[in-house]
1. Which entries of K117/K262; K5/K117; K178/K278 have Cα-Cα distances beyond 30 Å here?
2. How much FRET efficiency would the formula 1/(1 + (r/R0)^6) give for V46 and R92, where r is the Cβ-Cβ distance and R0 is 41 Å, rounded to 0.05?
3. What is the distance, in nm, between label points placed 7 Å from the Cα along the Cα-to-Cβ direction at E84 and at T264?
4. Between K117 and E299, what is the label-to-label distance in nm when each label sits 7 Å out along the Cα-to-Cβ direction?
5. Whose amide H sits under 5 Å from the amide H of F96, counting only residues 5 or more places off or on another chain, with H placed in the peptide plane?
6. Can you give the charge dipole size of the chain about its Cα centre, rounded to the nearest 20 debye, using +1 on the beta carbon of Lys and Arg and -1 on the beta carbon of Asp and Glu?
7. Roughly what % of DSSP beta bridges within the chain run antiparallel, to the nearest 5?
8. Exposure proxy check: E170, E56 ranked by fewest other beta carbons within 10 Å?
Amino acid sequence: MSSPKFGWYGLGSMGIGMALNLQKHLKSSEASPLVYSNRTLARGDVLKAEGATPVEDFKSVVKASDVIFTMISDDVVLNSLVEEATSLENIRGKLFIDTSTVHPSTSSAVAKALGTKGADFIASPVFGASPMAAAGKLIFAMAGPQEQIVRVSPYIQDVMGRQIINLGAEVQNSSLLKISGNIFVIGFQELIAEAQVFAEKTGLGTARIEEFIGSMFGPVLESYSKRMTSGSWAPPLGTPPGFAVSLASKDARHALAIAEEKGTQLPTLATALSRMTKAREYAGESLDSASVYGIARLEAGLPFWSKNSRQGN
């Protein structure tokens with residue numbers, strides 16, 4: 001069986017690494033090159049250099065492809081892309097795979113809208129920051145038609161990701177898992193920010209608490225601490241953050257809305273969202289989700305900017 005023709009839309013800090021790994025795999029397999037587009041098409045120049053084919057817009061990607069990946073910022077953008085796709089005369093038999101983090105109800109609505117036109121949809125948000133995307137080490141949480149997940153798995157496993165978690169046919173389940181996972185990510189960052197500020201204020205010191213975090217809880221939580229102590233929570237202007245505060249805030253809002261709907265509470269996440277919102281008001285959008293640290297510092301009487309972060313806008 002010949003390889004399907006793949007398309008890609010969305011070349012932000014995550015999408016560019018994922019698409020590049022897919023194109024390299026297609027090239028090594030002598031398959032049809034990846035067709036791609038993006039709001040700023042020049043973002044894909046590195047893909048073009050690897051043999052991928054740029055096209056003008058999302059509709060052109062859909063027309064040229066059997067399987068279309070998207071990695072975009074939020075639900076609004078995904079819905080607009082689906083409207084564009086369903087406005088085309090014929091998308092029957094095409095497969096759409098969204099790797100973004102959106103509300104479970106959005107995933108369900110997208111599956112229904114595409115299904116009415118004879119197309120399939122897999123909701124496949126990913127776990128991991130942009131360095132993991134570039135390294136092909138993401139975790140894919142996939143839900144949708146099982147035969148389609150089997151079909152595309154060889155182009156994901158050990159190509160763009162190190163693991164696929166198959167969550168069955170109900171597309172909202174993968175969105176729920178991703179949002180649940182980000183409760184941990186954002187919540188851990190909030191707790192570590194509080195602990196780091198506590199260590200600084202008491203004189204224990206950030207280096208000692210970071211060593212303890214690594215020894216006791218392992219490299220993942222240590223890496224969250226290092227985002228704060230290294231200053232990468234507020235990178236130099238023009239340097240993309242690992243997990244943009246705008247995206248983290250969107251994910252936190254989704255989780256809090258679902259929790260309220262189901263009659264439960266997420267107080268740590270609510271605190272983190274409040275601090276991310278204040279950080280954005282103070283320092284703009286060029287911040288990582290770990291910018292909760294800056295507001296925790298301010299609230300404790302320390303400067304917003306830390307020793308190794310940028311020092312202003």
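1. Values: K117/K262 32 Å; K5/K117 19 Å; K178/K278 24 Å.
Distance filter (> 30 Å) returns K117/K262.
2. Values: r = 33 Å, r/R0 = 0.81.
According to the calculation, E is roughly 0.80.
3. Label-label distance for E84 and T264, simple model: 3.7 nm.
4. 4.5
5. Under 5 Å from the amide H of F96: I68, D120, F121, I122.
6. Numbers: 29 positive and 29 negative charges, 71 e Å.
About 340 debye.
7. The antiparallel proportion sits near 15 percent.
8. On the way: E170 16, E56 9.
Lowest count first: E56, E170.
Coordinate-derived values only; no laboratory data. Values in this document were obtained by computation on a predicted structure and should not be read as measured data. Don't worry about glycine lacking a Cβ; one is built from the backbone with ideal geometry, like all the others, and counts go over all protein chains shown.
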